[in-house]
Each structure stands twice: as structure tokens, then as C-alpha cells.
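For reference, the structure discussed in these notes is given below.
The values are calculated or read from the model by the stated rules, or taken from the named source; none is laboratory data. Being a predicted model, the structure only gives us computed values, none of them experimental. Don't worry about glycine lacking a Cβ; one is built from the backbone with ideal geometry, like all the others, and counts go over all protein chains shown.
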Amino acid sequence: MRIVSVVGARPQFIKAAPVCRALRGAGHDEILVHSGQHYDHGMSQVFFDELGIPAPDHNLEVGGGGHGQMTGRMLGLLEDLLIELAPEAVLVYGDTNTTLAAALAAAKLCIPVAHVEAGLRSFNRTMPEEINRVLTDHVSAWLFCPTDTAVANLAAEGIVHGVHQVGDVMLDTARHFAERVDAEKVVASYGVAPGEYYLATVHRAATTDDPVMLAAVVAALAALDRPVLWPVHPRTRRALEASASDVLAEPTRAGSSLRILEPLSYLDANALLRGAAALLTDSGGMQKEAYFLGVPCVTLREETEWVETVSAGWNRLAGTDPARIAAGVAEAVAAGVAARDTAASERPAFYGDGNAAEKIAAVLSEAGHAGARG
């Protein structure tokens, strides 16, 4: 089957690594398209190099911009490209503007859409990501769900055909590259010891685009009782610079727990996560990665798509209020000390068995065979 896979942002590169490998291993003719949504070396090329993702066959080089402007540029470029390539399917990941643009372009050309990470819901329609994922699900022919909850969410919206619970492809990536993660070396290179620091990531538009909310998160992180290693996302950096914040002036400031870092590669981020006493994040992917590794998480949002991490006691929703964040961290650390030695096999396997990509490739192979027979 000729499949156009469209990626554009850091989380999609991590998900694409095992899926590209599985599709090509199964004999599919995959054409990889990079929208250019994330274009900095530290947010894009390093992931292709490190995770062995094939070089994109096409790069749209869309770059930044507002949601409508970015999605519109992608939509036009992708429509032209899909007409030229004439694929049998278009495969998209997650919930970014790239995801929505590719899904719409394909649907309007009557090309079946395969959505990896389908069925997630925050039930917060103010999130651009929620709009992207809902619309993408409703035009998809194949919906590859990471969890039982995702399947149930789709059923509640009347989507029951083409739904496959395959597990989470990010677990595939975590397991495939586990032996390449040198946590001891990476942690030591930042001058900290395992269990003696926190790792933080902040990038959601809901936080970064609200100066008051962003300032509250920064104040909360700076006041914590251990060093906070914070690789700053380009969007967050721009927001801090626009607000005239002095947080970026020095990587480490007296009286502050914050240590400002450049964006991290997948392996370095995974290494620092392994050694962290807790993760503080508004990222969906990082919440899962913390769960995979048995690291307690404090989510800087009021809701999460990954509800299993909360029900299992590994994740706490703290929003952006400094007092709630501090309390969440204290609870997380206490719980983590008690449960840190819990074997991975003893944590509920919400996210599958690490073979999601192969299952996706198999479903598409069967669809291709059925089409050929028909």
C-alpha cells in the first residue's frame, strides 16, 4: 500500500520512529512528509538522527504562525502534494495543526485517513489540540487507539467502525531505545544526582499565551525544594522574552531552583526523566513516559487525556496555581518513594505491549490485500 505519513512536531517524530520502521518492514511504500511545524534543529533534525527516522521525502517548510495561518498554508500545500503522489492512505499522528491539515486535505480528496493516537479526549474545547483530534477522528477510516478509554470515547461519539486498540507507539519507542539511554552519564553532566532534582516541561499554548498563568508556573517552579531542570520550548522562550521576564537571563539564579536548559533530544530527555524525583509538565507524551518509567508526575493542567496515569496514582493534576503545584509535588514525591521500586510488570499495562507499530502495519496490510482482492 502506498502511504503518505505526515509529521511536523516533536511528539510526532517520537511516534513515527517505530511506525516508519514497521510500515517499511511490512512492505508498504511509505512516503514521509515533514510539514516544518517544528523546524529548529533541537526540535526536529536531532530526532531524525537519533531515532533513525528516514529522511523526509518532502519538507513543506511551513514554519511558525497562528493556528489558522499555519493550518491553511499546510492544507494548500498538502492538497497539491497528495494529488501528485496519489496515495492509498494518509497516516497522521496525534493532535497538532499538522495532523488536522493532513487529515482535512486527505478527506477532501477522498483518500482514507489513518489516525495514530485516536480517541483521546480532554473534554476541554478551549484547547486547540482537542479540536484537532476530534475533527481528525471524525474523518478517519482507521482509528488506532492507544487505550481502552480511547476506544470508549470514540464509541460515545458514534465512531465504532475502523477502530483498533493497538497500544501506544510511544511505548514501542521507549522500549526499543531503552538500552541506548545512559542515564548515569547524562544526569551527572548536569551536575545533579539521581532523585535530587525535578524535570519540568512547559509548552501548551493555554499556558504560554497567558502571561499571568505563565508567570505563576515560573514562580511555582522557582520555589521548589530541589533543582528544577527546565528545557525551554521555543514557544515558551518567545513568551518569556515578550513578557520581559528575567528567567532566561541566567541559566541558574541565586535563590531560584530553576536551571534553564536548551531543548533536549529524546535520549537525553529520557535519561533526565529516569533520574528525576518527579516530572512537572503540561505535555501529554511526557506524562506517559513518566508512567512507563515509574516516575511520579505532576501535570500543570486541570485535565489530562491520559486519565489512566491519574487513576493508577502516578499522576496528579495541579493546574497552574503555585500552592497546588507545591502540594502536588510533595504528594508525588512521597508516593514515589513508596512505589518507585514497583516493577514495570506490576504497573497496569494500560498502553499495550510495546508492539503497537507492528499491529498498525498489519491492519493496513490487510486493508491493502482486501483492496487488491476487491
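Does P263 satisfy the criteria of being surrounded by fewer than 20 Cβ atoms within 10 Å (Cβ to Cβ), more than 30 Å from P112 (Cβ to Cβ) and in contact with a Gly (Cβ under 7 Å, 6 or more places away or on another chain)?
no
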Task: Failed item in (1) touching a Lys or Arg at 6+ places or on another chain (Cβ under 7 Å); (2) at pLDDT below 95; (3) surrounded by fewer than 19 Cβ atoms within 10 Å (Cβ to Cβ), with G313 passing the rest - done: (1)
Open item on the list: Just to be sure I understand the filter: pairs with C-beta atoms under 7 Å, separated by 6 or more residues or on different chains, first member in segment 206-227 and surrounded by 15 or more Cβ atoms within 10 Å (Cβ to Cβ), second member hydroxyl-bearing (S, T, Y) and part of a helix (DSSP H, G or I). Which pairs pass?
Closed with: T208/T236; M213/T207; L214/T207; L214/T208; V217/T207
Task: Unmet criterion (only one of (1) at pLDDT below 95; (2) more than 21 Å from A114 (Cβ to Cβ); (3) more than 20 Å from the chain's Cα centre (by Cα); (4) of a type outside the set (D, E)) for R373 - done: (2)
Open item on the list: I'm trying to understand the selection: among the residues of segment 185-205, which are in contact (Cβ under 8 Å) with a residue 60 or more places away in the chain, farther than 26 Å from R235 by Cβ and not in a loop (DSSP other than H, G, I, E, B)?
Closed with: K185, V187
Open item on the list: Within segment 131-156, take every residue that is in a helix (DSSP H, G or I) and of a type in the set (S, T, Y) and give me the one that is nearest to F350 (Cα to Cα).
Closed with: T149
TODO: Being under 19 Å from the mean Cα position of the chain (by Cα) and basic (K, R) narrows it down to one of R121, R73, R24, so name that one.
DONE: R121
Task: Selection within segment 105-130 - modelled with pLDDT of 95 or more, part of a helix (DSSP H, G or I) and farther than 14 Å from V4 by Cα - done: K108, E130
- [ ] Among the numbered conditions (1) on the phi < 0 side of the Ramachandran plot; (2) not assigned by TED's automatic domain parsing to the domain that holds A356, tell me where W142 comes up short.
- [x] (2)
Open item on the list: One residue is enough: does segment 228-251 have a residue meeting the conditions in contact with a Phe, Trp or Tyr (Cβ under 7 Å, 6 or more places away or on another chain) and either among the charged types (D, E, K, R) or at pLDDT below 95 (or both)?
Closed with: no
